[in-house]
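Here is the structure we will look at.
Quick note: the coordinates plus some simple rules give every number you see, no bench work behind them. Because the structure is predicted, anything quoted here is derived from the model rather than measured. Here Cβ is always computed from backbone atoms with ideal geometry, including for glycine, and neighbour counts include all displayed protein chains.
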Amino acid sequence: MTLSQNKRKRFKKSYWIEELYNVGGIFIGYHFDDSDQLCFNQVSVEFSGLTPWTQFINTFNPSDHKVDFKYTKKESLVAKTNFGKISVIDSFKTSGNYQKFSFRNSASLEIELNSNRSLEELDNNYIQPLRHFLTLATTKPNKLNKVLFCLTVQNRKSRVKYITQKIEQYKYDITSAEMLFTLDDIKNEFSLIMQRWFNLYQDIESVLNLYFAVTNNSNLYLENKFLMLAQAIEVYHRKTKGNYQLPKEDHEKRLKLIINSSPEEYQAWLKEKLNFSHEPSLQERLKELVDLHWLVMKSIVTDKEQFIRDIKNTRNYNIHFNQSLERKALTGEKLFRLCQKLEFLLQACFLSELGCTPEKCEQLISRHGKYQYLQSILYH
């Protein structure tokens, strides 16, 4: 807790103090004497899109004179990583009587680490990456609905509920047609994909932050959404692909030759302008990525070169406001569709980093309803 305000009021020669606190979080079920005790190696979390993503479905068969309800608890699916285990747990709750019966099926993710971590480490390094993984999988923002920490007291394990402003009971209906992939799509390689995701999160966190800033915020201005997606594409290429067209030594040799042959008063200016000239341009970066994921893009892009030019011209106009590019920059519905195509290109990039082949990327993405709609308006 952090002290936000301290007021002193006088009443009949005596004073009383009113203190107001901003509460970062509350633990329910156990009292901690010191903040140093707030270290855990096991936490269970529920996200708004987790249960639909797991597709833990049970049968409910009403008839004229009776209702048959059958529930079979699914076995836990465990991913083993170099930092511990991640388990998908199926659970349920019932309530009511012979007149009214209520059943709630839910799924949770249990993180069991090799060693204790602080609250901040758990949130930043494990809970948030898992939330973003589900956002990628479901293509919808995922909210944190519940957090339980596992605590061992006198050789007995108990769960301590954690309440914070980040937690909200948020639900939405989502079908598999709106998802990029489900748990069933990756269950055979669950351990490998989880490990790759956490590795990817460390390697290109800035790219993922840009992508999720777009997918988690439906109120972004269209131009801002496009610029963030274009930046994500450029940074992704910079971090994962060849960032130099010439080896550093060859570039420095060429640069020295050009600068020495120019008038002395222009040499400093010329060196600054040419310093990064050995890096690929945005157009070259886009071409390499589109070529790599052409199986995905060919069904929603009729002209590859025009698609790349549209991204380049629209990006350059919105960054530099060059009047000569104003008529070439896309706006309105065309810009909206361009953003959708960029999202699918980024999704293909992320799936490939998780180990999907181009054929697997195309298979998963082509099932998405928005992708199919783009296909339909492109060819009809």
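Each other residue within a Cβ distance under 14 Å of T314 adds +1 if Lys or Arg and -1 if Asp or Glu, for a net charge of +4. Neighbours of H293, meaning other residues whose beta-carbon lies under 15 angstrom from its beta-carbon, give a summed charge of +1 when Lys and Arg score +1 and Asp and Glu score -1.
Spin-label model, K370/R156: points 7 Å from Cα along the beta carbon direction are separated by 5.0 nm. Put in line by how crowded their Cβ is, counting other Cβ atoms within 10 Å and starting with the fewest, D291, D173 read D173, D291. For the pair Q340 and S115 in one chain, pulling the backbone fully straight at 0.36 nm per residue adds 76.9 nm over the alpha carbon distance. Do any of K146/K239; K239/K312; K143/K370; K334/K360; K143/K328; K146/K360 go past 31 Å between their Cα atoms, and which? Pairs exceeding 31 Å: K146/K239; K143/K328; K146/K360.
Taking Lys and Arg as +1 and Asp and Glu as -1, the other residues whose beta-carbon sits under 13 Å from that of K370 total +2.
Applying 1/(1 + (r/R0)^6) with r as the Cβ-Cβ distance of R238 and K166 and R0 = 35 angstrom yields a FRET efficiency of 0.65. In terms of other Cβ atoms within 10 Å, V45, V78, V160 run from fewest to most in the order V78, V160, V45.
Computing FRET efficiency as 1/(1 + (r/R0)^6) for C39 and S324, where r is the C-beta to C-beta distance and R0 is 51 Å, gives about 0.30. Between K187 and Q55, the contour length at 0.36 nm per residue exceeds the alpha carbon distance by 46.3 nm. Taking the fewest neighbouring Cβ atoms within 10 Å as the starting point, the ordered list for R159, R337 is R159, R337.
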